[in-house]
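Below is one structure, written out as structure tokens; the observations come after it.
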Amino acid sequence: MDFYGSAAAAQEAGFRPCLRCRPESAPGTPAWKGTSTTVNRALRLISEGALDSGSIDALSDRLGITPRHLSRLFSQHIGVAPKAVAQTRRLQIAKKLIDETPFSITDIALLSGYKSVRRFNDHFKHVYARTPSSLRKNAGRQKTVCRNSSGVEQGFNLRLSYRPPFDFSGILNFLKVRAVPGVEYVDADHYRRVIKTHQGTGILAVGLDEEARQLLVQVTGILPDELVPVLERVKRIFDLDADPIEINQAISRDRRMRKIIAENPGQRVPGCWDPFEIAVRAIVGQQVSVKGATTVMGRIAAMYGIKNRDNVDVKDVDLQGANRAADELDKEVLCLGFPSPERLSELDTKTLSMPTRRAQAIKDMSRAVVNGDVSFDTSVSLDELKLSLLNIKGIGPWTAEYIAMRAVNDPNAFLHSDLVLLKVALTEFSINKPDQLLDLSKAWQPWRAYAGMHLWRRAVKK
């Protein structure tokens, strides 16, 4: 048997993707698995399409290194060049769209990132030894276009796979207590939210098909060229590229964590749809309860948010046979798009029921985002992001770490000064000081965010 670290490496070695088990539907390779932070950032930029319209030189410039050094890092950590990773990504997206959407082959080629249909056909034939249209004829595709009660097309249904074990209900519970009123709605089976689209606003709905080990994703109110970016964001919200076995084994080297991990081996670190929204949430959540922070976030959305004026009725969302009771929601449940940095940069700090200093921090952070002094772009390193946040008065280490964990999916972020974590640390490890917990957390690197989530869950159970 031969083993390869990624689909791109296997393809480079001459292996063809299996048409029966559809490897393009499998979760992606964990970007940070044993790699340098530079490679991690590069992989994420490639997943966002950086090499679809840009060059290796442009990608290297965004990372602050030379093209030669980038190629050397990829060869060392991934086993293939950046271009090969980008080509495999395009092909996997194309194969998924062939199987799960009604788009034409021409549209699929362009949506997947290919610069021409001819280049797409040539690449497809080279890898699969057959034409894209031949697979389309044989594909037993499900109905992927969703329609409202009047029969009007509104969006698309697709599926995203995950590696078991996967604690979907745990993610929903985490998101539910933090759901921004008017922007998000979470019940026992689904996550829904208003999203900003080229046409205004739309609705994202995510459910679970546990038997197939897939998430059911429905998105309405979007154009076809928005579909792939939407799926990338959903992956980050639900941490789909995580490898729970690898993570659990690493943290379990600390014997004190083994029992805690065994209680929930499918733990994930919930990400977010909008990094800016989470940054605001982190500031609002300083020294207040989760419930209190959620209330304030709802007021911010109501006062400064974007009205969902596109009449996307959540009752029209068909979650592919999921619980119909959830479709009885009133239309106004999801009625707001979260405000933009531009809107909150003009925030009246006296209008919100929170300390003026904290409201000013939101305003200053929003201005910093507008001016480019704070950027959630993947090309910015974690250290640069944290430093730019800490330069804003009213933002401390706890807030910066929370933003890194949820806004940019840092698997090693750790809130060592968090009061809840310190309370659990006293019970489980007989320590009660932030410095002691930070020192202890070194044993959980590079997965401290997952260890922190386990400890938070432990606190809830107690």
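The values are calculated or read from the model by the stated rules, or taken from the named source; none is laboratory data. The model shown is predicted, which means the values in this text are computed figures rather than measured ones. In this analysis, Cβ positions are derived from the backbone assuming ideal geometry, glycine residues included, and neighbour counts consider all displayed protein chains.
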Can you tell me which of (1) part of a helix (DSSP H, G or I); (2) buried (at least 20 other Cβ atoms within 10 Å of the Cβ); (3) not small (Gly, Ala, Ser) is the one Val80 doesn't meet?
(1)
Val333 passes all but one of (1) under 24 Å from the mean Cα position of the chain (by Cα); (2) more than 30 Å from Asn248 (Cβ to Cβ); (3) buried (at least 18 other Cβ atoms within 10 Å of the Cβ); (4) modelled with pLDDT under 95; which number fails?
(3)
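May I ask you to say which residue of Asn248, Asn308 is more than 30 Å from Ser388 (Cα to Cα) and modelled with pLDDT of 95 or more?
Working: Asn308 fails: modelled with pLDDT of 95 or more.
Just a single option satisfies the conditions, and that option is Asn248.
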Within segment 394-424, which residues are crowded, with 21+ Cβ neighbours inside 10 Å and among the charged types (D, E, K, R)?
Glu401, Arg406, Asp410
Odd one out for Ala188 among (1) closer than 22 Å to Lys461 by Cβ; (2) modelled with pLDDT of 95 or more; (3) not polar (S, T, N, Q)
(2)
Looking only at segment 86-105, and only at residues there that are in a helix (DSSP H, G or I) and more than 22 Å from the chain's Cα centre (by Cα), the one that is surrounded by the fewest Cβ atoms within 10 Å (Cβ to Cβ):
Ile105
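Yes/no matrix, rows are residues, columns are (1) assigned to a loop (DSSP other than H, G, I, E, B); (2) more than 20 Å from the chain's Cα centre (by Cα); (3) at pLDDT 95 or above:
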| residue | (1), (2), (3) |
| --- | --- |
| Ala361 | no, yes, yes |
| Asp364 | no, yes, yes |
| Asp377 | yes, no, no |
| Lys386 | no, no, yes |
| Ile395 | yes, yes, yes |
| Thr399 | no, no, yes |
| Ala425 | no, yes, yes |
Of the conditions (1) within 28 Å of Ile195 (Cβ to Cβ); (2) at pLDDT below 90; (3) surrounded by 12 or more Cβ atoms within 10 Å (Cβ to Cβ); (4) among the charged types (D, E, K, R), Arg136 clears all except one; give me its number.
(1)
Apart from one, (1) at pLDDT below 95; (2) assigned to a helix (DSSP H, G or I); (3) buried (at least 18 other Cβ atoms within 10 Å of the Cβ); (4) out of contact with any strand residue (DSSP E or B) (no Cβ under 9 Å at 6 or more places or on another chain) all hold for Leu347; the odd one out is (2)
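Could you please let me know if Ser366 is among the small types (Gly, Ala, Ser) and surrounded by fewer than 21 Cβ atoms within 10 Å (Cβ to Cβ)?
Working: among the small types (Gly, Ala, Ser): yes; surrounded by fewer than 21 Cβ atoms within 10 Å (Cβ to Cβ): no.
No: the conditions fail for Ser366.
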